[in-house]
Amino acid sequence: MITRLHNFVIRLRSALWFRPTIASIGAAALALILAGTDRLLPEFIAIPEVDDGSVKELLKLLASAMLTVTTVTLSALLLVFNMAASQASPRALPGLMADEVTQNALSTFIATFVFAMAGMLGLALEAYDKSGLSLLFGCGLLLTVQALRYLVQWMHHIASTLRLGNIVARVHTDTQDSLARFLADPYLGAHPVEGKREAENGTATLATTRSAYLCGIDTDGLQEIAARNGLTIELMCRPGDFLHRDRPAMAIHIGEERLDDGLREKLLGYFLLGEERSYHQDPLLGLQILGEVASRALSPGINDPKTAIICLDRLEALLSQAAQPPQQEDVPRHDRLSLPALTFQTMLDRAMHSIARDGATDIEVVLRQIAALERIAMAADTAQIQPILMDMLNLTIGYAEDALPLKQDREVLEQAAMRARRRLSGSLASAG
C-alpha cells in the first residue's frame, strides 16, 4: 500500500496540472467567501471602502495580464523541454516537470487569473457588499505582488535550468536517492535470485495484459496475498523492465489453493505500471540517463566532450556508492517472494559501455573514464567488484586503441592503461 501511495505521489508531483488545479480551486473559493464578509465580520471591525469601479478595473487588468503571462510561461516551458530533450535526454523531462519553482509559478499565475474571473462574476451578480469589495481589492493587490515575485524568480530559475549541467545535477540527485533506497533494501524484502531465470516446469506463469514499464512492485501486498492463499511467488522482472503479455512477469508455485482468474488479477494488480520508468525502485534509470547524455554530447552533431566528462564525474560518484555492499536481511521479511538480483556489473555496463564506445576517439574522455574506474575500485569494499571494473577498463582501452588516430594519444593511453591495470591488479591481490 505504501508503494502504491508513493508511486501516486510521484505521478502527481510530475503532473503540471495538479498544483495549478488546487490553487485555482482555492482562488475561486476565496472569491466566493469574500461575498459574505459583512455577515462574518464582527461589528467593531471597520474596513476602508473601495468603489466597485476601481475593483473592476483591477480585476480586468489582473485577468488580462495573468492570461498573457501564463501563455508566455507555458511557451517558454515547452521550449525548455524541447531543448532538454534534444541536448540531454527525453528521459530527463519528468524531473523537469516536477520542478517546484515552475509549478508554483504556474499555480500562482493561473490562480490569480481564476480569482480575477470569479471576482468579476461576483461583481456582475452584485454579490459583494462594501467590506467584500474592499477585501476583494486587497486580495487582488496581494495576488499581484505574489505573481510579480514568482515571475521574477521563475525568469532567473528557467535561465539556470537551461544549463545542461543543472539537468545533469538533477538526474544525479534523483539517482543518488534511488541508489540509497536500493542499497538499504536491494531485494524489496524478498529472497534473492541470481539472474533472471526462466519459469520452471510445474509452475503457473502470469503476464501483464498491458504493455508498459514496471514502475514499482508492492511486495507487501504480494506477500500478504501469497500467505493467505498458500502460494510461493518468483518474480521474473525488476522495476524498470518493460512488460507485455508474451513476457512472464511472475511464476507461481501453487499450494493447496487454486489459481483462478480473480486471484490472477489481484496478483498482477500489485505491479505498478506506467508509460515511463520511475526512479523510486529503479536505480538503473538515472545511470542510463547520464550515460545517454554523455553519448549524445559525444555525437558528431554536438561534439561536446566536456559535457561527457561532467557526466563521468557524476557517474563516478554514483558507481562508487553502488560499489558498496548492499544491506541484506538475515531472514527476508517476505518469505514467500523471490526477486532477481540487480548486480553492480549491470549498473556499470548501462552507465559506461556507451561512453567507452562513443568517446573512444577523444583522449580526454578516455582518460577520464579510466580515472573514474580507478577511483571506483578504491571505493569498493568487496572483491567481486574488481574483476568487473577490470573488464570495463579493458573494454574502454580496446575501443580507444582502435579509434585514436594520433600516435601521441595512443602513447598517453598506453601509459594510463598500464597504471590503471596495475592499480586494479593490486586491488585484486589485496582483496584476495
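Checking the condition modelled with pLDDT of 90 or more, open to solvent by 10 Å² or more (accessible area, probe 1.4 Å) and more than 30 Å from Leu231 (Cβ to Cβ), which residue from Ile376, Ile355, Ile397, Ile363 passes?
Ile363
Being of a type in the set (S, T, N, Q), more than 21 Å from Ile289 (Cβ to Cβ) and surrounded by 13 or more Cβ atoms within 10 Å (Cβ to Cβ), is that true of even one residue in the stretch 59-66? Spell out how you get there, then give the answer.
Of the stretch 59-66, the ones of a type in the set (S, T, N, Q) are 64.
Those still in the list that are more than 21 Å from Ile289 (Cβ to Cβ) too: 64.
This time we only want the ones that are surrounded by 13 or more Cβ atoms within 10 Å (Cβ to Cβ), so: none.
No - not one qualifying residue is present in the stretch 59-66.
Does Ser299 satisfy being within 26 Å of Glu364 (Cβ to Cβ), open to solvent by 30 Å² or more (accessible area, probe 1.4 Å), in contact (Cβ under 8 Å) with a residue 12 or more places away in the chain and not hydrophobic (A, V, I, L, M, F, W, C)? Talk me through it step by step, then tell me what you get.
Details: within 26 Å of Glu364 (Cβ to Cβ): yes; open to solvent by 30 Å² or more (accessible area, probe 1.4 Å): yes; in contact (Cβ under 8 Å) with a residue 12 or more places away in the chain: yes; not hydrophobic (A, V, I, L, M, F, W, C): yes.
Spelling it out, Ser299 is indeed within 26 Å of Glu364 (Cβ to Cβ), open to solvent by 30 Å² or more (accessible area, probe 1.4 Å), in contact (Cβ under 8 Å) with a residue 12 or more places away in the chain and not hydrophobic (A, V, I, L, M, F, W, C).
Kindly check whether there is at least one residue in the stretch 283-294 that is in a loop (DSSP other than H, G, I, E, B), buried (at least 22 other Cβ atoms within 10 Å of the Cβ) and either touching a Ser or Thr at 6+ places or on another chain (Cβ under 8 Å) or of a type in the set (Lys, Arg) (or both).
Filtering the stretch 283-294 for residues in a loop (DSSP other than H, G, I, E, B) gives 283.
Adding the requirement that they be buried (at least 22 other Cβ atoms within 10 Å of the Cβ) leaves 283.
Right, trim to either touching a Ser or Thr at 6+ places or on another chain (Cβ under 8 Å) or of a type in the set (Lys, Arg) (or both) and you get 283.
Checked the stretch 283-294: at least one residue is in a loop (DSSP other than H, G, I, E, B), buried (at least 22 other Cβ atoms within 10 Å of the Cβ) and either touching a Ser or Thr at 6+ places or on another chain (Cβ under 8 Å) or of a type in the set (Lys, Arg) (or both).
One residue is enough: does the stretch 192-213 have a residue meeting the conditions open to solvent by less than 70 Å² (accessible area, probe 1.4 Å), in a helix (DSSP H, G or I) and under 30 Å from Asp99 (Cα atoms)? Even if it seems obvious, please write down each step before you answer.
Step one: of the stretch 192-213, the residues open to solvent by less than 70 Å² (accessible area, probe 1.4 Å) are 192-193, 195, 199, 203-208, 211-212.
Those still in the list that are in a helix (DSSP H, G or I) too: none.
Looking for residues that are open to solvent by less than 70 Å² (accessible area, probe 1.4 Å), in a helix (DSSP H, G or I) and under 30 Å from Asp99 (Cα atoms), one finds none in the stretch 192-213, hence no.
Any idea which of (1) open to solvent by 50 Å² or more (accessible area, probe 1.4 Å); (2) in contact (Cβ under 8 Å) with a residue 24 or more places away in the chain; (3) of a type in the set (Val, Ile, Thr); (4) under 26 Å from Cys237 (Cβ atoms) is the one Ile388 doesn't satisfy?
Going through (1) open to solvent by 50 Å² or more (accessible area, probe 1.4 Å); (2) in contact (Cβ under 8 Å) with a residue 24 or more places away in the chain; (3) of a type in the set (Val, Ile, Thr); (4) under 26 Å from Cys237 (Cβ atoms) one by one, Ile388 breaks only (1).
Considering only residues of the stretch 83-142 that are acidic (Asp, Glu) and not in a helix (DSSP H, G or I), which is surrounded by the fewest Cβ atoms within 10 Å (Cβ to Cβ)?
Glu126
Select from the stretch 285-328 the residues that are among the hydrophobic types (A, V, I, L, M, F, W, C) and over 18 Å from Ala356 (Cα atoms) and write down the one among them that is farthest from the chain's Cα centre (by Cα). Give the steps one after another, and end with the answer.
First pass over the stretch 285-328, keeping only residues among the hydrophobic types (A, V, I, L, M, F, W, C): 285, 287, 289-290, 293-294, 297-298, 302, 308-312, 315, 317-319, 322-323.
Filter once more, so that each one left must be over 18 Å from Ala356 (Cα atoms): 285, 322-323.
Details: Leu285: 8, Ala322: 18, Ala323: 22 Å.
That would be Ala323.
Can you tell me which residue in the stretch 221-251 is surrounded by the most Cβ atoms within 10 Å (Cβ to Cβ), limited to those that are over 24 Å from the mean Cα position of the chain (by Cα) and in a loop (DSSP other than H, G, I, E, B)?
In this case the residue turns out to be Leu231.
The values are calculated or read from the model by the stated rules, or taken from the named source; none is laboratory data. As the structure is a computational prediction, the values presented were derived from the model and not from experiment. FYI the Cβ positions are ideal-geometry reconstructions off the backbone, even for glycines, and counts take in every protein chain you see. Surface areas here come from the heavy atoms of the whole protein model, side chains and all, with no ligands, DNA or RNA. Shrake-Rupley method; radii C 1.70, N 1.55, O 1.52, S 1.80 Å.
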